[in-house]
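What follows is a set of notes on a single structure, which appears directly below.
The values are calculated or read from the model by the stated rules, or taken from the named source; none is laboratory data. It should be emphasised that the depicted structure is a prediction, and the values quoted were computed from it without experimental measurement. Reconstructed Cβ throughout: ideal geometry from the backbone, glycine too, with neighbour counts over all protein chains shown. Ligands, DNA and RNA are stripped out before the accessible areas are found, and what is left, the full protein with its side chains, is counted by its heavy atoms. Shrake-Rupley method; radii C 1.70, N 1.55, O 1.52, S 1.80 Å.
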2 protein chains.
Amino acid sequence: MKSDGGVGMSQGASAVAQKSGESLLFLTDDQIRKGIEAMFFAYRGFTADPDRILDEHGYGRAHHRAIHFIHRSPGTTVNNLLSILGVTKQSLNRVLRALVEDGLVEARIGHRDKRERHLYLTEAGAALEQKLSDAQRERMRAAYRAAGPVAVAGFRQVLEAMMDPEMRRHFDGLSDSSR
Amino acid sequence: MKSDGGVGMSQGASAVAQKSGESLLFLTDDQIRKGIEAMFFAYRGFTADPDRILDEHGYGRAHHRAIHFIHRSPGTTVNNLLSILGVTKQSLNRVLRALVEDGLVEARIGHRDKRERHLYLTEAGAALEQKLSDAQRERMRAAYRAAGPVAVAGFRQVLEAMMDPEMRRHFDGLSDSSR
DNA sequence: CTTGGAAAGTCAACAAGGCTGACATAAGAT
DNA sequence: ATCTTATGTCAGCCTTGTTGACTTTCCAAG
């Protein structure tokens, strides 16, 4: 694999390319592949705890996502949720209908624009949200604590750089303290 | 929500708890929640590019995962793949059958134990793997480059701490230079 | 050599959660 | 009055996961 002096793997930018003294060893194909696999395995852990709880309640990840973002942005409209979740309205509607029927979510008709439905968690919905996010936060907190503040800052930087621009807009939007 | 001096949210370990001079601000519920949302949005980006390519070929993420880990561990058995992927044999078999029928994967009967099937990518399979991992690596590399080596190290640390122990074993196993 | 059990494959049936397309309704906007 | 938007809904399809039952192959222990 090392043809011309250790540089020049098969595809494009894989070479180390000792540029201006900086080693850039973290950009080798091997490092990146390990990052890809770490994402895969970590995401499994990330969803494992909520998945167990959801299963007990007869829900799935789709319900979790809806509950999470309704909790984060109480009164959000269906359309807004649609663009955050990136699914079709039919898909979201199926989930939302179940949550409303089960009394976890309330869909209030808009005052200004009566076509809109503003979504809120009921007390029962908020209780499930607590349970789910407690479980997910606990693992996250353990990981954060184990890795330390510097690692956490890096973690967040890489994740944000990995998002599609549109998703980053949503992500930044959620961080607004306006609400 | 702010009862006793701005600290003391609802659930457990959320308080800042200024322990021995270290600020631990990175362990607040708010920081953790942002990490959770960052994971969610970033994972979407992480899978977006391969998903597009897979779609053109009439495959899904399940096929990608199989192809990836067969590429990583040529000659791996079905059982080993099963434990890495964490799905049922019926689910994996469906995917594997399609890949074998399409000539992307070869399943050789074991020499020592003839019950086992050892899985290999064919030339066509390796070509698709290239295409998929090139796309995924490109985004990863861009994120790594934007964030820098220190951030990348932190990223990896947090991800590894987030895995289930069994998944971490698989992850570490893949990094072995033995084989 | 026989038999128990492991590895693998297969068939059937089902569910969640994506998708598309078509259509209905209400209401804001022009 | 008409166009457009927001939402809901019905029908049908696909992928990918599940469980359960059964078969074949074949190593290994008795």
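Working note: Debye formula, equal point scatterers on the alpha-carbon atoms of segment B:88-145, no solvent; log10 I(q)/I(0) at q = 0.12, 0.17 Å⁻¹ is -0.42, -0.70. Taking every protein chain into account, the 1.4 Å probe leaves B:M39 with about 0 Å² of accessible area, to the nearest ten. Here B:A142 yields copy-to-copy label distances, from shortest upward, of 3.5 nm, the label point defined as 7 Å from Cα along Cα to C-beta.
For the protein assembly as shown, what is the charge dipole size about the Cα centre, in debye to the nearest 20, if Lys and Arg each add +1 at the Cβ and Asp and Glu each add -1 at the Cβ? The calculation lands at about 180 debye. Based on the Stokes-Einstein relation at 4 °C and a viscosity of 1.567 mPa s, and on the Kirkwood radius from alpha carbon pairs, the protein assembly as shown is assigned a translational diffusion coefficient of 58 µm²/s. Electrostatic bookkeeping for B:Q31 treats Lys and Arg as +1 and Asp and Glu as -1; over the other residues with beta carbon under 13 Å from its beta carbon, the sum is +3. Shielding by partners for peptide B:64-76, expressed as the average number of C-beta atoms from other protein chains within 10 Å of each residue's C-beta, is 1.
Simple spin-label estimate for A:D55 and B:D164 gives 0.8 nm between the two label positions (7 Å along the Cα-to-Cβ direction from each Cα). For chain A, the direction-averaged projected area of the alpha-carbon convex hull comes to 14.5 nm².
Placing a label point 7 Å from Cα along the Cα-to-Cβ direction at A:N93 gives distances to the equivalent points in the other copies of 3.9 nm, listed shortest first.
Which value at 222 nm does chain B reach when only helices count, each DSSP H run of 4 or more adding -39,500 (n - 2.57), with the total divided by all residues and rounded to the nearest 500 deg cm²/dmol?
Details: 7 runs with 112 residues, N = 179.
So the helix-based figure for chain B works out to -20500 deg cm²/dmol.
B:D164 label point (Cα plus 7 Å toward Cβ) to equivalent points in the other copies: 2.9 nm, shortest first. For segment A:30-179, the Cβ-based charge dipole about the Cα centre amounts to some 240 debye (Lys, Arg positive; Asp, Glu negative; other atoms uncharged).
Rounded to the nearest 10 degrees, the inclination of helix A:123-147 to the longest alpha-carbon principal axis of chain A is 20 degrees.
Axis-proximal residue of chain A for the rotation onto chain B, reported as residue and distance in whole Å: A:G154, 1, based on Cβ position.
For segment A:50-133, the mean projected area of the C-alpha convex hull, equal to one quarter of the hull surface, is 5.1 nm². For chain B, averaging the sequence separation of C-alpha pairs within contact (under 8 Å, six or more residues apart) and dividing by the residue count gives a relative contact order of 17 percent. Distance from the Cα centroid of segment B:101-133 to that of segment A:27-58 is 25 Å (rounded to whole angstrom). Is there a pair in A:K34/A:K131; A:K131/B:K34; A:K89/B:K34; A:K34/B:K89 whose C-alpha atoms are over 22 Å apart, and which pairs would that be? Beyond 22 Å between Cα atoms: A:K34/A:K131; A:K89/B:K34; A:K34/B:K89.
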